[in-house]
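Just below is one structure, and these are the notes that go with it.
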Amino acid sequence: MMPRNPRPPIPTDFQRPNVVFQPKTRLGMQRGINLIVDAIRPTLGPLPRVVALKRIGANDQLPELLDSGGLIARRIIQVKGRDEDVGAMFIRHVLWKLQEKAGDGTATAAVMFQTVYNQGVRHIINSGGNAMRMRGFFDRCVPLLLAELDCMRTHLQGKEQLAQLAETITHNRPLAEKLGEIFDIIGEYGRLEIRSGRSRELEREYVEGIYWDGGWFSRDMVNNPVMQRSEMEDAHLFVSDLEINEPADLLPLLELAIGNQIKNLVIVATVLSDRAMSILHTNREKITVLGVKAPEAMATKRQAALQDLAILTGAQPFFKAAGDTLAGVKLAHLGRARRAWATREFFGVVAGRGDPRRLRQHIAELRRSFASAADKDTRELLLSRLGHLMGGSATLWVGGFSPVDIEQTKELASNAAEAMRGAMREGVVPGGGAALLDCRRVIRPLLDEAKDPDEKAAYRIVLKALEAPARTIWRNAGLEDIEVMADLRNAPAGWGYDVLRRRLANMAEAGIWDAASVVKAAVHSAIASAGLALTTDVLVHRKRPPESLDTA
């Protein structure tokens, strides 16, 4: 007798999955991890070596020459060997997330991760160490190291010091000088757009006031034909995401404005049809109206942008989703600004006249949300909103010899900008690996007191990991790391080796800095993630994803 609901046959691919156990798991992952990190290692330091990447089958294309650890990791999407690929993709994911969060520090994290993992595998295989116990001791070290880095923090001031930090990140003096000047003007939350330039040079442009995407609705509104720009002084603003299609829809707003002797009015709306604008032409002698497009394409982002604009100018926003219409508009609903302007792509306000206390409270709420946000998209949105409300605005035009060169420099500038924002918020620490070398002083007492073999091994491994970035920088500069380490043995805190000038130096006096947020993120990512990788015991390889298997 046949069963009522027979189970479908299980495909052959899922009957015999390839299951890999220890010690093959660690050894396979180790090969993949080392493959990725060894490709990134040459990029660390102010004298990096270039890594050439060429796509398989792209015979007619020149190789891509890179010195960015995060970009190299992103370009590698698969390596030979299934076990090796697991390890390679594990470290790739760690570095990619770090790049998105901190903007820099991927090479530092990579060499630290590699040291912890390789030394941990050696202890486990040669001495019978316990990976789970070691991971617990690694996790104990992380908060101590982060607290020690916090104690070293200082804050930079002025474009010269900011340029020094940018040069430490980019190793590109012209780019560093531009970024130092820009962030000195716009501040840590300022809006910075990085665009492809029209020449081979780097250029920057500053925009007065605060602006959003979304320009004028009609060229008839332009009063500066040379610049294709519309400008008005002492402007009132109606802020909304409404669709205004009929002339009758605008009548209540126009009657209100004319009745209160308003001369310049900005209407922010999602749609302002030609038919609706026809009524504006008949009232030109009484009032000048500038219609601009509501910013952002997504409804949630648009509402957030309009809310910010309303608070900045003192307006009451009208939202279609809330059932608002122009029929209920009152004078108190309008915002004000000393000046408003619009081009075909953007509109902006200068000196919004909203309630300063309410604006400060709103900015404080956004800053708290930004500090606690983990998702990249959320952080970018909050940063953009903060930039509109409290920072200046600048555009960096990136030139180059080829489109590839321009795109690489744009990405370098973008990552450096993220790291510099973090440095301006959280401060900087001595660069060149010096801060990590100084962190050894909080681990050595733990090693001296440790009795358990796994605990001792864990602390020794962390000490080696803290030395790995500095040693790599020295080796990349053609120096013998053993000799440099010996020279630094009795050096005071904050001292390191200046590989450009080939001498021991006080990193602060030499202007060699690292963003504290970047170093902290690198330490946390490297040690915590390496501990997790060490406790991965089994790999299961399938030819097809298990979601396709019906287990009902």
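Quick notes on this one:
- The relative contact order of the chain, computed from alpha carbon pairs under 8 Å that lie at least 6 residues apart in sequence, is 26 percent.
- Shape category assigned to segment 51-160 from the gyration tensor of Cα positions, a/c cut at 1.5: oblate
- For residue 543, the lysines whose Cα comes closer than 28 Å to its Cα, not counting residues fewer than 8 places off in the same chain, are 24, 54, 80, 97.
- Å³ per residue enclosed by the Cα convex hull of the chain: 230 Å³
- Between 0 and 90°, nearest 10: helix 82-102 axis offset from the chain longest Cα axis: 40 degrees
- Segment 211-354 pair-distance distribution - Cα-Cα, 10 Å bins, rounded %: 12, 48, 36, 3, 0
- Its Cα gyration tensor gives segment 428-552 an equivalent ellipsoid, and the semi-axes of that ellipsoid, as √(5λ) in whole Å with the largest first, are 37, 20, 14.
- Mean separation of Cα contacts under 8 Å, 6 or more apart, over the residue count of segment 272-352: relative contact order %: 20 percent
- Taking every alpha-carbon pair under 8 Å whose residues sit at least 6 apart, segment 211-354 reaches a relative contact order of 37 percent.
- Each peptide in 498-510, 226-238 was scored by the mean count of other Cβ atoms within 10 Å over its residues; highest first, the order is 226-238, 498-510.
- Charged side chains reduced to their Cβ positions (Lys and Arg at +1, Asp and Glu at -1) give segment 296-340 a dipole of some 180 debye around its Cα centre.
- Helix 106-127 and the longest principal axis of the C-alpha atoms of the chain enclose an angle of approximately 30°.
- Note on segment 100-251: the C-alpha convex hull projects to 18.0 nm² when averaged across all orientations.
- Between residue 501 and residue 245, residue separation times 0.36 nm minus the direct Cα-Cα distance comes to 85.4 nm.
- Beta bridges assigned by DSSP with both partners in the chain are antiparallel in approximately 65 percent of cases.
- Bridge orientation summary for segment 211-354: considering DSSP beta bridges with both residues in this region, about 55 percent are antiparallel.
- Put a plus charge on the Cβ of each Lys and Arg, a minus charge on the Cβ of each Asp and Glu, and nothing anywhere else: the dipole of the chain about its Cα centre is then about 1200 debye.
- Helix axis angle, 376-390 relative to the chain longest principal axis, alpha carbon, degrees: 50 degrees
- Most to least packed among 294-306, 158-170 [average Cβ atoms within 10 Å]: 158-170, 294-306
Values in this text are rule-based calculations from the coordinates and carry no lab data. Source: prediction; values computed, not measured. Positions of Cβ are backbone-derived with ideal geometry, glycine not excepted, and every protein chain shown enters the neighbour counts.
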